[in-house]
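The values are calculated or read from the model by the stated rules, or taken from the named source; none is laboratory data. Since the model is a prediction, treat every value here as computed from it, not as a measurement. Methodologically, a virtual Cβ is constructed for each residue, glycine included, from the backbone with ideal geometry; neighbour enumeration extends over all protein chains shown. Surface areas here come from the heavy atoms of the whole protein model, side chains and all, with no ligands, DNA or RNA. Shrake-Rupley method; radii C 1.70, N 1.55, O 1.52, S 1.80 Å.
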Amino acid sequence: MNRFLTGIPRTSCRKTNLLPVVNVATRRTVTSKPAYDGHIPLNFFENAFLAVGSAVMSLADPRRGDMIAALGETTAGPALPRLRDLMLESAEGRQILKDRPRVNSQTVDMNALARLPEGTFGQAYVTWLERCGVTPDTREPVHYIDDPELAYVMQRYRECHDFYHCICNLPVNVSSELALKFFEFVNLGLPVAGISAAFGHLRLSWPQRQRLFAEYVPWALKCGSSASSLITVYWEKRWEQDVDEMKRELGLWDPPEAKWPKPLSEAKAAAEKRAPLSSQGNGATPSA
């Protein structure tokens, strides 16, 4: 997970380019008409160029969330149709594709979630946000996937990523993020998760890398491969469900204990402060 997501920066207009400018407009194999708001159609060569470029930039600077997002879209290939088919095979997944819910602070009433009983998924999620100091409003919109329904599947994956952290009891740090990428790769099959898992550990210290492969990776591979596909879970309909019950249903269990940026008691206290504000919320309901 990356908390530095921004828009794709504009191309430089300086005349001192190191590479010759290639006019690909005459070689387009796809329509240039956007299929949805924010869509940027690419032909095969443009997609390949962006995939390579975003991979290099992501490895050079993991804070470039825009490049990580572009890498995910340009390398998705047949993974998205497969995930869409999994969703269509599930009543819960079909409902997600029909409703197309979005996850952000405007669609989910965090104050109302804070009022839910301890042990429920909604209360656990808002406590996780407080404990990690993050918000659900940092997800880059999809740009480079042509099919609108598949674009939504990718958007859904991005916006539910924090739910995966929460239900797997993982904080926001490099080691935990890599553990979750291994989990996502075997559970969802998205190439970007595999690429991140394969190269991201190179930035860890030797002790951190040892623990990653000795403790977290075995958990991720075993748990991710045996658990239900998390893309089919309608999380917003499960706010009031008991977290332990949900884990048993989905076939999940906790990884080795990780280092958290804030003690659980402090995060719970911060989440409880939201509860009295729920009657003055933004109008969104816990069920979103």
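Below is a table of values for the structure above.
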{"read-out": "Extreme residue, most open to solvent (accessible area, probe 1.4 Å), among residues of region 89-101 that are within 18 Å of the chain's Cα centre (by Cα) and not aliphatic (A, V, I, L, M)", "value": "100"}
{"read-out": "Listing of helices (runs of 4 or more DSSP H) fully contained in region 172-237 that carry 2 or more residues being small (Gly, Ala, Ser) and farther than 30 Å from residue 99 by Cα", "value": "174-188, 191-200"}
{"read-out": "Failed criterion for residue 76 (all others in (1) surrounded by fewer than 20 Cβ atoms within 10 Å (Cβ to Cβ); (2) of a type outside the set (Val, Ile, Thr); (3) within 17 Å of the chain's Cα centre (by Cα) hold)", "value": "(1)"}
{"read-out": "Criterion (at pLDDT below 95 and touching a helix residue (DSSP H, G or I) at 6+ places or on another chain (Cβ under 8 Å)) met by exactly one of 136, 81", "value": "136"}
{"read-out": "From the options 72, 93, residue that is in contact with a helix residue (DSSP H, G or I) (Cβ under 9 Å, 6 or more places away or on another chain), over 30 Å from residue 200 (Cα atoms) and in a helix (DSSP H, G or I)", "value": "93"}
{"read-out": "Odd one out for residue 154 among (1) open to solvent by less than 10 Å² (accessible area, probe 1.4 Å); (2) over 19 Å from residue 124 (Cβ atoms); (3) not in a helix (DSSP H, G or I)", "value": "(3)"}
{"read-out": "Count of region 165-177 residues which are farther than 19 Å from residue 229 by Cβ and either open to solvent by 10 Å² or more (accessible area, probe 1.4 Å) or out of contact with any helix residue (DSSP H, G or I) (no Cβ under 6 Å at 6 or more places or on another chain) (or both)", "value": "7"}
{"read-out": "Region 53-92: number of residues that are farther than 15 Å from residue 150 by Cα, in contact (Cβ under 8 Å) with a residue 60 or more places away in the chain and among the β-branched types (Val, Ile, Thr)", "value": "1"}
{"read-out": "Any hit, region 252-272, residues being part of a helix (DSSP H, G or I) and either closer than 26 Å to residue 95 by Cα or at pLDDT 95 or above (or both)", "value": "no"}
{"read-out": "Test: residue in region 109-118 that is open to solvent by less than 40 Å² (accessible area, probe 1.4 Å), in a loop (DSSP other than H, G, I, E, B) and in contact with a Ser or Thr (Cβ under 9 Å, 6 or more places away or on another chain)", "value": "yes"}
{"read-out": "Residue match in region 205-214 (condition: aromatic (Phe, Trp, Tyr), crowded, with 22+ Cβ neighbours inside 10 Å and at pLDDT 95 or above)", "value": "no"}
{"read-out": "Region 170-191 residues that are touching a residue at least 24 places away in the same chain (Cβ under 8 Å) and among the hydroxyl-bearing types (Ser, Thr, Tyr), paired with ones that are open to solvent by less than 10 Å² (accessible area, probe 1.4 Å) and not in a helix (DSSP H, G or I) (beta carbon under 7 Å, 6 or more apart)", "value": "176/170"}
{"read-out": "Test result for residue 104, out of contact with any strand residue (DSSP E or B) (no Cβ under 9 Å at 6 or more places or on another chain), under 30 Å from residue 274 (Cα atoms) and open to solvent by 30 Å² or more (accessible area, probe 1.4 Å)", "value": "yes"}
{"read-out": "Filter result for the condition that a residue is within 30 Å of residue 41 (Cβ to Cβ), open to solvent by less than 20 Å² (accessible area, probe 1.4 Å) and out of contact with any Ser or Thr (no Cβ under 7 Å at 6 or more places or on another chain), over 146, 162", "value": "162"}
{"read-out": "Index of the failed condition, residue 82 passing every other in (1) within 23 Å of residue 174 (Cα to Cα); (2) in a helix (DSSP H, G or I)", "value": "(1)"}
{"read-out": "Identity of the residue in region 148-188, within 17 Å of residue 69 (Cβ to Cβ) and of a type in the set (D, E, K, R), that ends up nearest to the chain's Cα centre (by Cα)", "value": "158"}
